[in-house]
Amino acid sequence: MKNQHEKNIKLEDSWLDQIGNEFEKSYMQELRQFLVNQKAQGKTILPPASLWFNALNSTPFDTLKVVILGQDPYPTPGHAHGLCFSVMPEVKPLPKSLLNINKELMQDLGIDNSHTGYLQGWADQGVLLLNAVLTVERGKPNSHQGRGWETFTDAIIQKINQQKEHVVFILWGAYAQKKGVHIDTSRHFIIKSAHPSPLSAHRGFFGSKPFSKTNQYLHKVGKQAVNWQL
């Protein structure tokens, strides 16, 4: 029986089964109140509320096989749509980290995605594009850190770690690596490198081959490879 809290949340069924009880906890109620108060003060919260859980709704728990961890949504209206690193199809020019992701994909597998930053096609194939923090105030990066989202997304990672096997975790940069510190490496495959940001991409992101490594592992454990072409 779904409680009232869960009825108000449009969440894919397999995720609701795994993490639905998180919505009853006090930290999530405090987070909800914070977001209500922000809206009441006239602040623009990004992405739109209908897309806060887009990563989970796009990539069901039952079918996910890869996790890419990001930090928080783009603070520019029209960019964020609930998938980490991804932007809406019409966004040009692409954010710099995304340009570097496309460059590495070209170097790694010869795939040219330079025409788009819309990563929905990856999510549809079982790549969970999860930000640690699911909302942000317009124009203010990291403005919703420390409000409870991190606890929620830690619970998501913990469920994947405990309930799934042979998941690839792609951890770009120190923030993602710290968040993934409890992943069981005897059950899952972790790919770590520097972040694709222009500040750090030359310190180990370029040449790290995360896309081919992911597919090699998936093939080894009998799962279908990801078609990274968009």
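A compact table of results
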quantity: L105 of a type outside the set (S, T, N, Q) and over 14 Å from I68 (Cα atoms); calculated: yes
quantity: Every residue from segment 116-149 that is open to solvent by 40 Å² or more (accessible area, probe 1.4 Å) and either free of Cβ contacts under 8 Å to residues at least 24 places away in the same chain or touching a Phe, Trp or Tyr at 6+ places or on another chain (Cβ under 7 Å) (or both); calculated: G146, R147
quantity: Some residue of segment 161-174 being open to solvent by 20 Å² or more (accessible area, probe 1.4 Å), within 16 Å of the chain's Cα centre (by Cα) and of a type in the set (F, W, Y); calculated: no
quantity: Residue satisfying condition, being under 26 Å from K192 (Cα atoms), open to solvent by less than 30 Å² (accessible area, probe 1.4 Å), at pLDDT 95 or above and in contact with a Lys or Arg (Cβ under 7 Å, 6 or more places away or on another chain), within set L69, L46, L56, L83; calculated: L69
quantity: Scope segment 177-230; condition among the aromatic types (F, W, Y), touching a residue at least 40 places away in the same chain (Cβ under 8 Å) and open to solvent by 30 Å² or more (accessible area, probe 1.4 Å); matching residues; calculated: F206
quantity: Qualifying helices (runs of 4 or more DSSP H) (wholly inside segment 49-123; at least 3 residues being touching a helix residue (DSSP H, G or I) at 6+ places or on another chain (Cβ under 6 Å)); calculated: 96-109
quantity: Single residue of I191, I160, I183 found to be among the aliphatic types (A, V, I, L, M), at pLDDT 95 or above and part of a loop (DSSP other than H, G, I, E, B); calculated: I183
quantity: Only listed residue being touching a helix residue (DSSP H, G or I) at 6+ places or on another chain (Cβ under 8 Å), outside any helix (DSSP H, G or I) and at pLDDT 95 or above, chosen from G146, G207; calculated: G207
quantity: Whichever residue in segment 22-38 is touching a helix residue (DSSP H, G or I) at 6+ places or on another chain (Cβ under 9 Å) and either open to solvent by 60 Å² or more (accessible area, probe 1.4 Å) or not in a helix (DSSP H, G or I) (or both) and, among such residues, is farthest from Q162 (Cα to Cα); calculated: R32
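The values are calculated or read from the model by the stated rules, or taken from the named source; none is laboratory data. No experiment lies behind these values; they were computed from the predicted model shown. Glycine gets a Cβ as well: all are built from the backbone with ideal geometry, and neighbour counts include every protein chain shown. Just the protein is used for accessible areas: all its heavy atoms, side chains included, with ligands, DNA and RNA removed. Shrake-Rupley method; radii C 1.70, N 1.55, O 1.52, S 1.80 Å.
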